[in-house]
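Here the structure comes first, spelled out in structure tokens, and everything after it is commentary.
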Amino acid sequence: ISFQILLQPSDVSVADVDDLIAVLESDYKRSYFLTGKFTTSIYAEDCWFLDPTIKFN
């Protein structure tokens, strides 16, 4: 089984840790782990996401 996750750039600005936590909480509330839609701008371009069943960047 193969699939593709399409990432869309976002214009979110993060100034401090509290901003970062707010973005992560928002992504979680919108079920990023089911939809694959999350705020990509808070991660480095070479960031890898990994869990026991999938790996992507």
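Any read-out appearing in this document is the output of simple, stated calculations on the displayed coordinates, not a laboratory observation. Quick caveat: nothing in here was measured; it's all calculated off a predicted structure. Reconstructed Cβ throughout: ideal geometry from the backbone, glycine too, with neighbour counts over all protein chains shown.
The distance between label points at Lys55 and Ile21 comes to 3.2 nm (points 7 Å beyond Cα on the Cα→Cβ vector). A Cβ-based charge dipole, computed about the Cα centre of segment 17-56 with Lys and Arg at +1 and Asp and Glu at -1, lands at about 260 debye. Shape index of segment 17-56: Rg/Rh, with Rg the Cα radius of gyration and Rh the Kirkwood radius from the inverse mean 1/r over Cα pairs, equals 0.97.
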